[in-house]
Amino acid sequence: MANSSLGPSPVDPSQLYDGPDPANVAPFPKFAPLPDVSTDKRSRPDYVATITAALDMLGARILALIAVIAACGIWSFAVYDPTQMRTYAAIGFSLTVLIPTVALYWRRG
């Protein structure tokens with residue numbers, strides 16, 4: 001009973017490590033060298049230019065899609081409970097965000 005009143009018994013430091021014995025670790029496996037990718041088709045400049053153009057076009061479409069979805073939400077909220085401020089907010093969003101984003105989408109094709 002005297003030991004339980006003093007708290008837990010001390011921990012042996014050799015019991016704290018749960019992995020393999022540090023002196024018994026296998027060496028790292030030998031890996032094959034990486035293949036030469038300098039002749040890969042994806043590193044050609046025309047391929048990179050094509051990917052860049054596609055991402056530019058996709059970026060304009062994603063922005064237009066986000067703006068249209070946001071405008072639909074704002075206008076739905078303004079029509080559901082029409083107040084003067086909500087109508088002005090929807091008109092302001094459409095004039096400052098939606099129309100320029102759609103114009104950017106049409107310009108980039």
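Evaluate the distance, in nm, between pseudo-label points positioned 7 Å from the Cα of Thr96 and of Leu65 along their respective Cα→Cβ axes.
Each label point lies 7 Å from its Cα, and together they span 2.6 nm.
Please give the contour-minus-distance gain from Leu58 to Ala32: 0.36 nm per residue of separation, less the Cα-Cα distance, rounded to one decimal in nm.
5.5 nm
Sort the range 44-84 into rounded, prolate or oblate with this rule: let a ≥ b ≥ c be the square roots of the eigenvalues of the Cα gyration tensor; rounded if a/c is under 1.5, and if a/c is not under 1.5, prolate when a/b is larger than b/c, oblate otherwise.
Judged from the Cα gyration tensor, the range 44-84 comes out prolate (a/c at least 1.5, a/b above b/c).
Given 0.36 nm per residue, what is the gain on full extension from Ala49 to Ala23 after removing their alpha carbon distance, in nm?
4.0 nm
No lab work stands behind these numbers, since they all come straight from the coordinates. All figures in this text were calculated on a predicted structure; none of them were measured in a lab. Here Cβ is always computed from backbone atoms with ideal geometry, including for glycine, and neighbour counts include all displayed protein chains.
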